[in-house]
1. Go ahead and estimate [θ] at 222 nm for the chain from helices alone: -39,500 (n - 2.57) per DSSP H run with n ≥ 4, summed, over the residue count, rounded to 500.
2. Take the Cα pairs of the stretch 1-141, get the Kirkwood Rh, then feed it into Stokes-Einstein at 4 °C and 1.567 mPa s and tell me D in µm²/s.
3. Taking other Cβ within 10 Å of each residue's Cβ, how do 28, 85 sort, fewest first?
4. Between the helical axis of 101-113 and the dominant principal axis of the chain, each derived from Cα atoms, what acute angle in degrees is found, rounded to the nearest 10?
5. Where does each of 101-109, 42-50 land if you order them by average Cβ count within 10 Å, highest first?
6. Quick one: angle between helix 20-32 and the longest Cα principal axis of the chain, in degrees between 0 and 90, rounded to 10, please.
7. Would you list 114, 59, 144 from fewest to most Cβ contacts within 10 Å?
8. Cα centroids of the stretch 1-51 and the stretch 174-188: how far apart, whole angstrom?
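Coordinate-derived values only; no laboratory data. Note that the structure is predicted; figures quoted are calculated from it, not measured. In this analysis, Cβ positions are derived from the backbone assuming ideal geometry, glycine residues included, and neighbour counts consider all displayed protein chains.
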């Protein structure tokens, strides 16, 4: 239980640093200057998105043998590691409707997470641990910590934190998870 929660939290919190949704959090914080509705929007969008992803991973794991699941997860985590090393960008939306900070954040974060590495990581974590609620809780807490920092500290940390080093740290975590999963697959 604790391993599921901590693994999910650590992997997503680290990989979210410098991610496009963290850049989106910076942008929304600067635009609206209302952290509470923005944080609530991030929370709602992340819970919905990661609940879907963890469920998909957990259900998919039912159809794979332990060895095949470990192989798939090992390869996926290593791919996520390389994906994490590639810097994200955030394209500004022009002529977007003003729905207020909560609804704007909820919609933009939900859409931005679709097909994102943290969503795929949540699918993989759901498959690995087969615990929808703990994976969703861990990944959501990880998102809230890293994106919450972006909202609360905004530009103050943007200029002091080197995104490249954070990406390397997050990629290293993915590589460790991947290598460990491959080791488990070949040991089985």
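1. Numbers: 9 runs with 152 residues, N = 188.
After summing the helix terms and dividing by residue count, I get -27000 deg cm²/dmol.
2. Working: Rh = 15.5 Å.
Answer, rounded: 83 µm²/s.
3. Values: 28 25, 85 15.
Ordered by Cβ neighbours within 10 Å, fewest first: 85, 28.
4. Taking the Cα atoms of the chain, the angle to 101-113 is about 30 degrees.
5. Numbers: 101-109: 20.6, 42-50: 22.4.
Going by the mean number of other Cβ atoms within 10 Å, highest first, we get 42-50, 101-109.
6. 20 degrees
7. Going from least to most buried by this count: 114, 59, 144.
8. When both Cα centres are located, 27 Å separates them.
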